[in-house]
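Here's the structure we're looking at; comments come further down.
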Amino acid sequence: MNRTLSPLGKDLIGLEELSGDQIRSILDTAEPFKEISERRIKKVPVLRGKTIVNLFMEPSTRTRISFEFAEKRLSADTVNISASGSSVQKGETLVDTARNLEAMRIDMVVIRHGSSGAARFLADRIPSNVINAGDGSHEHPTQALLDMLTIRDHRDSLEGLRVCIVGDILHSRVARSNIFGLLKLGAEVAVCGPMTLMPVGIDALGVRVFRRIEEAIEWADVLNVLRLQLERMKGGYVPSLREYNRYFGVTVPRLEEAPRDILVLHPGPMNRGVEIDSDVADGPHSVILQQVTNGVAIRMAVLYLLAGGAPEQAEAAKKGEVA
Ligand code: CP
């Protein structure tokens with residue numbers, strides 16, 4: 001496979017940069033890859049000989065492990081680097097770190113970073129494929145892709161579906177990637193949360209804004225509930241977590257008022273009892289763990305496509321017929 005022929009271009013930085021057809025192509029490519037994780041021996045030779053560096057400069061459980069499983073299941077060689085324990089702690093810059101990795105002949109970098117724009121900054125400076133695993137409050141494209149795959153599993157099509165993203169929109173890269181992706185696939189998108197956690201001019205992106213969770217639940221087919229990003233808040237955004245739960249928490253009594261069977265997503269990590277109650281997170285509306293399962297297939301699809309794999313050959317690739 002030749003990375004210069006990738007249908008996505010060299011890098012995956014955000015869904016803002018992709019067309020609806022490119023997004024659909026990633027979702028469709030993920031479908032056959034789902035089955036690999038259900039096998040007894042979870043391995044195909046699709047990325048044999050490729051070396052991938054997972055450069056995680058911010059904490060992560062789901063994304064980091066999911067990328068690592070996806071890489072290993074496609075037979076790539078992988079190395080994990082985090083800020084702690086690397087020379088970043090001695091003041092080495094991001095580009096110097098990446099150039100030293102390149103000198104060891106790598107093929108791809110998966111990067112998570114606290115600064116918005118870090119993934120694009122790196123992609124413009126190194127020849128390896130760069131995949132954004134979340135950069136500041138900019139984008140988290142593979143999270144939105146796995147969210148869309150999960151919704152599609154339950155609702156067939158995103159066209160005309162009403163999806164409301166609830167919570168801390170201001171700090172959320174997941175919200176931005178979901179908004180770009182869902183709109184491109186024909187969904188209606190809304191956001192709901194306290195005005196202190198709502199970016200100014202958010203409606204210019206083409207989304208509805210709800211100030212009350214009850215109105216959002218009445219309108220929506222799908223709720224994607226976001227975590228309050230306490231680590232990015234310097235204070236004053238919400239009076240208290242208890243009050244946030246009282247006014248915006250997704251609870252069973254609120255869902256019981258919904259006029260239709262509502263699907264509940266959460267990208268994790270969850271603050272149980274704050275933005276979502278445990279009875280909802282573990283209840284019949286929730287597809288939260290299915291999102292995590294789908295994350296591996298989505299990341300396999302992205303790695304495969306960026307390595308130059310053809311979407312129409314994904315079925316053959318998973319059978320080991322195309323290397
Ligand atoms: N959803 C998500 O990005 O989770 P992690 O921070 O655990 O990777």
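So the values come out like this:
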| read-out | value |
| --- | --- |
| Flag for E214 being away from the ligand (no atom under 14 Å from the Cβ), surrounded by fewer than 19 Cβ atoms within 10 Å (Cβ to Cβ) and of a type in the set (D, E, K, R) | yes |
| Selection status of L161, in contact with a strand residue (DSSP E or B) (Cβ under 8 Å, 6 or more places away or on another chain), of a type in the set (A, V, I, L, M, F, W, C) and either open to solvent by 10 Å² or more (accessible area, probe 1.4 Å) or over 30 Å from E218 (Cβ atoms) (or both) | yes |
| Residue identified as touching a residue at least 12 places away in the same chain (Cβ under 8 Å), in contact with a strand residue (DSSP E or B) (Cβ under 7 Å, 6 or more places away or on another chain) and open to solvent by 10 Å² or more (accessible area, probe 1.4 Å) among S278, S286 | S286 |
| Any hit, the range 150-161, residues being within 12 Å of the ligand (Cβ to nearest atom), under 13 Å from the mean Cα position of the chain (by Cα) and touching a residue at least 60 places away in the same chain (Cβ under 8 Å) | no |
| In the range 171-185, the residues that are part of a helix (DSSP H, G or I), open to solvent by 10 Å² or more (accessible area, probe 1.4 Å) and within 16 Å of the ligand (Cβ to nearest atom) | R173, V174, R176 |
| Among residues of the range 58-70, those that are in contact (Cβ under 8 Å) with a residue 60 or more places away in the chain and either surrounded by 21 or more Cβ atoms within 10 Å (Cβ to Cβ) or not charged (D, E, K, R) (or both), counted | 7 |
| Hey, I81 among the β-branched types (V, I, T), in contact with a Ser or Thr (Cβ under 8 Å, 6 or more places away or on another chain) and within 16 Å of the ligand (Cβ to nearest atom) or not | yes |
| Residues satisfying the stated conditions in the range 107-118, i.e. open to solvent by less than 20 Å² (accessible area, probe 1.4 Å) and away from the ligand (no atom under 14 Å from the Cβ) | M108, V109, A118 |
| So R73, is it in contact (Cβ under 8 Å) with a residue 12 or more places away in the chain, open to solvent by 40 Å² or more (accessible area, probe 1.4 Å) and among the charged types (D, E, K, R) | no |
| Qualifying residue in the range 90-102 (condition: over 17 Å from L305 (Cβ atoms), among the β-branched types (V, I, T), more than 15 Å from the chain's Cα centre (by Cα) and part of a helix (DSSP H, G or I)) | yes |
| Residue within the range 163-170 that is farther than 17 Å from S116 by Cβ, in a loop (DSSP other than H, G, I, E, B) and modelled with pLDDT under 95 present | no |
| From V88, V95, residue being open to solvent by 40 Å² or more (accessible area, probe 1.4 Å), closer than 27 Å to S115 by Cα and more than 16 Å from the ligand (Cβ to nearest atom) | V88 |
| Residue check for A133: outside any helix (DSSP H, G or I), touching a residue at least 24 places away in the same chain (Cβ under 8 Å), within 15 Å of the chain's Cα centre (by Cα) and within 14 Å of the ligand (Cβ to nearest atom) | yes |
| Among the residues listed as L47, L8, the single one being touching a residue at least 60 places away in the same chain (Cβ under 8 Å), more than 19 Å from the chain's Cα centre (by Cα), away from the ligand (no atom under 16 Å from the Cβ) and part of a loop (DSSP other than H, G, I, E, B) | L47 |
| Matching residues in the range 282-323 - criterion: being assigned to a helix (DSSP H, G or I), modelled with pLDDT of 95 or more and of a type in the set (A, V, I, L, M) | I288, L289, V292, V296, A297, I298, M300, A301, V302, L303, L305, L306 |
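The values are calculated or read from the model by the stated rules, or taken from the named source; none is laboratory data. Quick caveat, the model's predicted, so the values are computed rather than measured. So basically every Cβ, Gly included, is an ideal-geometry build from the backbone, and we count neighbours across all protein chains shown. Calculation scope for accessible area: heavy atoms of the full protein, side chains included, ligands and nucleic acids excluded. Shrake-Rupley method; radii C 1.70, N 1.55, O 1.52, S 1.80 Å.
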